[in-house]
């Protein structure tokens with residue numbers, strides 16, 4: 001499968017714990033995006049990388065959220081001290097240049 | 001920032017009929033407008049997109065039109081089939097200085113195609 005992949009697909013955690021998600025983009029895509037989607041809503045932009053540089057962050061991305069793309073390939077999204085409001089589907093997408101293709105998402109449930 | 005409104009929120013059509021979903025955007029800097037189809041529990045799937053230098057684009061049973069002056073764009077699906085049933089999202093985006101784009105999505109339209 002040469003599409004965008006994400007790991008894990010599901011994560012259940014207790015409030016206050018830290019979680020980390022991984023995204024592997026389509027190999028020839030140099031742009032990578034993170035979005036968050038809650039039930040019944042469209043995806044909301046979180047952050048964007050071009051190669052290893054993080055070029056834009058949404059105000060939705062609080063200090064508890066951090067994203068990296070150290071070698072310009074895969075990316076990680078970490079949420080520290082999770083809260084129940086963090087429960088959502090976290091989607092990754094990649095593009096070259098405009099058409100964004102999404103991964104299957106990581107569904108986070110904070111109990 | 002960009003704001004995208006989408007209507008209707010639900011749409012029910014008979015198989016073989018046409019379906020139209022409309023979106024408006026607020027940021028005149030937006031110049032890229034994709035449409036995604038999302039089935040329950042699946043990833044959003046890009047089905048068609050249009051850039052601001054064209055007014056219409058068609059791909060088999062799917063077409064998108066864009067009116068830059070009025071800041072609205074629409075998705076048209078002809079000869080609908082049961083497998084077209086899904087949630088459809090429109091999106092709009094300006095292009096970053098270095099390339100790439102930040103999509104702002106509408107709230108989605110639940111399309112149901114009835115036999």
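For segment A:81-93, the criterion of being surrounded by fewer than 22 Cβ atoms within 10 Å (Cβ to Cβ), assigned to a loop (DSSP other than H, G, I, E, B), facing another protein chain (nearest Cβ under 9 Å) and in contact (Cβ under 8 Å) with a residue 40 or more places away in the chain is satisfied by no residue at all.
Which residues, taken from segment B:56-115, are within 14 Å of chain A (Cβ to nearest Cβ), out of contact with any strand residue (DSSP E or B) (no Cβ under 7 Å at 6 or more places or on another chain) and modelled with pLDDT of 95 or more? Of everything in segment B:56-115, nothing turns out to be within 14 Å of chain A (Cβ to nearest Cβ), out of contact with any strand residue (DSSP E or B) (no Cβ under 7 Å at 6 or more places or on another chain) and modelled with pLDDT of 95 or more. Residue count for segment A:10-42 under the criterion of being within 15 Å of the chain's Cα centre (by Cα) and under 14 Å from residue A:94 (Cβ atoms): the result is 10. Go through segment A:94-111 and give me each residue that's more than 9 Å from every other protein chain (Cβ to nearest Cβ), buried (at least 17 other Cβ atoms within 10 Å of the Cβ) and assigned to a loop (DSSP other than H, G, I, E, B). Selection gives nothing.
Yes/no matrix, rows are residues, columns are (1) within 11 Å of chain B (Cβ to nearest Cβ); (2) free of Cβ contacts under 8 Å to residues at least 60 places away in the same chain; (3) part of a loop (DSSP other than H, G, I, E, B):
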residue	(1), (2), (3)
A:21	no, no, no
A:29	yes, no, yes
A:33	yes, no, no
A:46	yes, yes, no
A:49	yes, yes, no
A:60	no, yes, yes
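Of all the criteria given as (1) away from every other protein chain (no Cβ under 12 Å); (2) surrounded by 15 or more Cβ atoms within 10 Å (Cβ to Cβ); (3) within 14 Å of the chain's Cα centre (by Cα), the one not satisfied by residue A:78 is (2).
Among the residues of segment B:30-48, are any facing chain A (nearest Cβ under 9 Å), at pLDDT below 95 and assigned to a strand (DSSP E or B)? Within segment B:30-48, one or more residues are facing chain A (nearest Cβ under 9 Å), at pLDDT below 95 and assigned to a strand (DSSP E or B).
The values are calculated or read from the model by the stated rules, or taken from the named source; none is laboratory data. It should be emphasised that the depicted structure is a prediction, and the values quoted were computed from it without experimental measurement. No Cβ is skipped: glycine too gets one built from the backbone with ideal geometry, and neighbour counts run over all protein chains shown.
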